[in-house]
1. Pairs only if they're at least six apart or on different chains, beta carbon under 8 angstrom, first in the range 312-326 and closer than 14 Å to Pro257 by Cβ and without any contact (Cβ under 8 Å) to a residue 24 or more places away in the chain, second assigned to a helix (DSSP H, G or I) and acidic (Asp, Glu); list them, first residue then second.
2. Hey, can you tell me all the residues within the range 90-122 that are within 16 Å of the ligand (Cβ to nearest atom) and out of contact with any strand residue (DSSP E or B) (no Cβ under 7 Å at 6 or more places or on another chain)?
3. Among all residue pairs at least 6 apart or on different chains, which show Cβ distances below 6 Å where the first residue, located in the range 256-282, is under 16 Å from Leu223 (Cα atoms) and the second is of a type in the set (Asp, Glu) and outside any helix (DSSP H, G or I)?
4. Pro177 fails exactly one of the following numbered conditions: (1) closer than 30 Å to Phe269 by Cα; (2) without any contact (Cβ under 8 Å) to a residue 40 or more places away in the chain. What is the number of that condition?
5. Restricting attention to the range 51-66, and to residues there that are within 11 Å of the ligand (Cβ to nearest atom) and free of Cβ contacts under 8 Å to residues at least 60 places away in the same chain, which single residue is nearest to Gly31 (Cα to Cα)?
6. Is there a residue being over 27 Å from Leu314 (Cβ atoms), surrounded by 18 or more Cβ atoms within 10 Å (Cβ to Cβ) and within 16 Å of the ligand (Cβ to nearest atom) anywhere in the range 67-89?
7. Go through Glu189, Glu232 for me and flag whichever is touching a residue at least 12 places away in the same chain (Cβ under 8 Å), within 16 Å of the ligand (Cβ to nearest atom) and more than 20 Å from Trp138 (Cβ to Cβ).
8. Of the residues Val221, Val215, only one is closer than 30 Å to Arg132 by Cα and either in contact with a Cys (Cβ under 7 Å, 6 or more places away or on another chain) or not in a helix (DSSP H, G or I) (or both); which?
Amino acid sequence: MADARRQGRDAEPLPGTVLRELGRERGVFIGTAVRAAAQRDNKAYRQLVAAQFASVTPENEMKWGAVEAKRGELRLEDADRIVGAAQDAGQAVRGHALVFHSQLPGWVEGLGRAELRTATRAHIRRMMGRYRGRVAIWDVVNEPITDGGELRRSPFLDKLGPGYIAQAFRDARRADPKAKLYINEIGGEGINPKSDRLYALVRDLKARGVPIDGVGFQMHVNLAGLQPTYVENLRRFAALGVEVAITEADVGVRLPPTPAKLRKQAPIFAAIVRGCLAVQACKHLTFWGFTDGHSWISTTQPGWGAATLLDEQLRPKPAFRAVQRALRR
Ligand code: G3I
């Protein structure tokens, strides 16, 4: 009951200029991952998404497992809700994620080579076709590389071979010629075996004329801080002639989140922002959620939490002000 009352309340205004405006002045779209259920049930959450951010990414609602858990039975209400709200708020949408080994429906895992090829193309066409003109950017291929720098085992690699990546981009370009097409990777923010392999992959795709427009760096980090080669890494990718973006930034904290830990978290968020601002080709910076009440770290990483800009009551943490300051300078 108390929770129901809270969910109907207006958001407390956050101090200072909204992030989307601060970003606009620096030429960067500031975005957040959103959850359809929170957007539907929690008025303050909904208001803050609309007020603070220039772009949104559905956190789970466009993944294949969410939209077609049973073959041929489509569930797109949640994705539609997020896209509709974004249009009302004048926001860009980043579609996430078309070809991804995780959150795949069970039936996809059971397909043979030819069927998987056909089903993957149909999925790309269906999603990009439905949201043509409303989803400006798509993560076409998500997390295709291991930490060791190999192509990641998945039904796509195992059954279709390494060519599945180029094929997905070609299918995507045909499905919506105007959308920006991204590859999105986790743990490749610094120069390391994973980002070296990603770099070689993107260079090769570009050299072969495969239609890839951008590389997303997720940036799930913790209080250990950023890789010192973060900016250098963004720059080497930009030099390949692609956009770069920070797509899923959060800074996990071991529970409990003491004031000292939250003070340490703030400059790490600021450094993420400054790194993107330092690179001309970095035009989008998305946080993977903006409140600790709706963050995958709190929900799925035992012993960890407090990874976002606002606390569970939607109050600003030191990180929020640090991000504002970093955007201002
Ligand atoms: O939908 C069920 C719900 O019915 C049930 O009540 C609830 C109970 O725990 O679980 C719900 O499913 C959860 C789902 O998120 C939707 O909220 C899953 O348990 C949970 O594992 C799933 O986690 C998501 C995770 O991807 C799955 O791999 C996170 O929310 C999401 O933030 C995370 O996002 C990924 C990006 O897509 C790719 N990069 C890494 C990033 C973080 O892992």
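Every read-out reported here was derived from the displayed coordinates using simple, explicitly stated rules and does not represent laboratory data. Everything numeric in this text was worked out from a predicted model, so none of it was measured. With ideal geometry, Cβ positions are generated from the backbone for all residues, glycine too; neighbour counts draw on all protein chains shown.
1. Here the result reads Glu312/Asp292, each pair linking the range 312-326 to a residue that is assigned to a helix (DSSP H, G or I) and acidic (Asp, Glu).
2. Applying the first criterion (within 16 Å of the ligand (Cβ to nearest atom)) to the range 90-122 yields 93-106, 108-109.
Once the filter is applied, which keeps residues that are within 16 Å of the ligand (Cβ to nearest atom) and out of contact with any strand residue (DSSP E or B) (no Cβ under 7 Å at 6 or more places or on another chain), the range 90-122 yields His101, Ser102, Gln103, Leu104, Pro105, Gly106, Val108, Glu109.
3. From the range 256-282, no pairs qualify.
4. For Pro177, the exception is condition (1).
5. We begin by selecting, within the range 51-66, every residue within 11 Å of the ligand (Cβ to nearest atom); these are 57-63, 65-66.
When the remaining residues are screened for being free of Cβ contacts under 8 Å to residues at least 60 places away in the same chain, the result is 58, 60-61, 63, 65-66.
Numbers: Pro58: 11, Asn60: 15, Glu61: 16, Lys63: 19, Gly65: 24, Ala66: 22 Å.
Of everything passing the filter in the range 51-66, Pro58 is nearest to Gly31 (Cα to Cα).
6. Of all residues in the range 67-89, those over 27 Å from Leu314 (Cβ atoms) come to 67-76.
Still in the list and also surrounded by 18 or more Cβ atoms within 10 Å (Cβ to Cβ): 67-68.
If we keep only those that are within 16 Å of the ligand (Cβ to nearest atom) as well, we get 67-68.
Yes, that holds for at least one residue.
7. Numbers: Glu232 fails: within 16 Å of the ligand (Cβ to nearest atom).
Answer to the check: Glu189.
8. Numbers: Val221 fails: closer than 30 Å to Arg132 by Cα.
Result of the check over Val221, Val215: Val215.
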